1. Looking only at helices (runs of 4 or more DSSP H) that fall completely inside segment 146-207, which ones have 2 or more residues that are within 19 Å of the chain's Cα centre (by Cα) and farther than 23 Å from Ile70 by Cα?
2. Between a residue in segment 118-131 that is closer than 16 Å to Glu176 by Cβ and any residue that is modelled with pLDDT under 70 and not aliphatic (A, V, I, L, M), which pairs come within a Cβ distance under 9 Å, given they are 6 or more apart or on different chains?
3. Being modelled with pLDDT of 90 or more and out of contact with any helix residue (DSSP H, G or I) (no Cβ under 6 Å at 6 or more places or on another chain) is true for just one of Gly157, Gly144. Which residue is that?
4. Where the second residue is of a type in the set (Gly, Ala, Ser) and not in a helix (DSSP H, G or I) and the first is within 21 Å of Leu188 (Cα to Cα) and lies in segment 71-96, which pairs have Cβ atoms under 9 Å and are six or more apart or on separate chains?
5. Yes or no: segment 90-111 includes at least one residue that is modelled with pLDDT of 90 or more and either polar (S, T, N, Q) or loosely packed, with under 15 Cβ neighbours inside 10 Å (or both).
6. Assess whether Phe120 counts as being modelled with pLDDT of 80 or more, crowded, with 17+ Cβ neighbours inside 10 Å, assigned to a helix (DSSP H, G or I) and of a type in the set (Phe, Trp, Tyr).
7. Can you tell me which residues in segment 188-222 are free of Cβ contacts under 8 Å to residues at least 24 places away in the same chain and in contact with a Phe, Trp or Tyr (Cβ under 8 Å, 6 or more places away or on another chain)?
8. Out of Thr166, Thr146, I need the residue that is β-branched (Val, Ile, Thr), surrounded by 14 or more Cβ atoms within 10 Å (Cβ to Cβ) and without any contact (Cβ under 8 Å) to a residue 60 or more places away in the chain. Which one?
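The values are calculated or read from the model by the stated rules, or taken from the named source; none is laboratory data. Computed from a predicted structure; not experimentally measured. Cβ: placed from backbone, ideal geometry, glycine included. Neighbour counts: every protein chain shown.
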Amino acid sequence: MVRKILIMLCGFIGFLGVSQVPDEPMDSISQQYIIMEGDSVMQSSIALNEVYVFGKLKFQNYNDKLRYYILRRRTIKVYPYAKLAAERLVELNDSLVYIKKNRHKKRFTRKVQKFIEEEFSEELKKLTRSEGQILVKLIYRQTGTTAFDLVKELRSGWRAFWYNTTAKMFSISIKEEFRPDVVHEDYLIEDILQRAFADFTLERQPSVLEFDYATLSNIWKDSANNKDKDSINTTN
């Protein structure tokens, strides 16, 4: 059933030709550099394109390092789905503008969804539960709308409620938002995306959310420093 939910969520995505992520050694993305000034992560620019220059990743322990790399593989795998979801949503809405009658709009949406489900559902069936939850977050990152609301808009409120209730049985919430400023895992996902954009592993698509990666980095760096201070004070 969880596979069916994911198919429903991305029924309007379109072509889902996502290539396999090659195996990489765990230090393969550490050969990057960072520009620092005081305690702030600075931005650098080349030619006409703004880029971030990153430093070597640091982890508290091996488990944190392993968690990050597993999260990286999952994020890189599902991001293209979210990107295409945003593109297809724009295309769908643009098409619906020219259809005046609601019943014709519903008929058009059903035809598009049925075609896409029949053609591309096999790709979505390959996603794991964890990958599905990351996909839900990234759909929000790219569209500014939860997967629940997308289902509700494209189908009906009852279907959205049912899919969300069923998804909870598999520990997936399709109401999940992307909050890298308050959820550490979401920040790690954003870090993974920005690094992947910088080395052209993924094609960049602007997020509809208003946040700055450098600011996010400083927020979580300050949070980590405060935890370290609290730990020292508690020990003393």
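1. Values: elements: 147-154, 157-168, 184-198.
Ranges flagged: 147-154.
2. Cβ pairs passing all conditions: Leu127/Arg3.
3. Details: Gly157 fails: modelled with pLDDT of 90 or more.
Answer to the check: Gly144.
4. Sorted first by the residue in segment 71-96, then by its partner, the pairs are Pro80/Gly17; Pro80/Ser19.
5. Narrowing segment 90-111 to residues modelled with pLDDT of 90 or more: none.
No, that holds for no residue.
6. Values: modelled with pLDDT of 80 or more: no; crowded, with 17+ Cβ neighbours inside 10 Å: yes; assigned to a helix (DSSP H, G or I): yes; of a type in the set (Phe, Trp, Tyr): yes.
Spelling it out, it is not the case that Phe120 is modelled with pLDDT of 80 or more, crowded, with 17+ Cβ neighbours inside 10 Å, assigned to a helix (DSSP H, G or I) and of a type in the set (Phe, Trp, Tyr).
7. Selection gives Arg204 alone.
8. On the way: Thr166 fails: without any contact (Cβ under 8 Å) to a residue 60 or more places away in the chain.
Among Thr166, Thr146, only Thr146 is β-branched (Val, Ile, Thr), surrounded by 14 or more Cβ atoms within 10 Å (Cβ to Cβ) and without any contact (Cβ under 8 Å) to a residue 60 or more places away in the chain.
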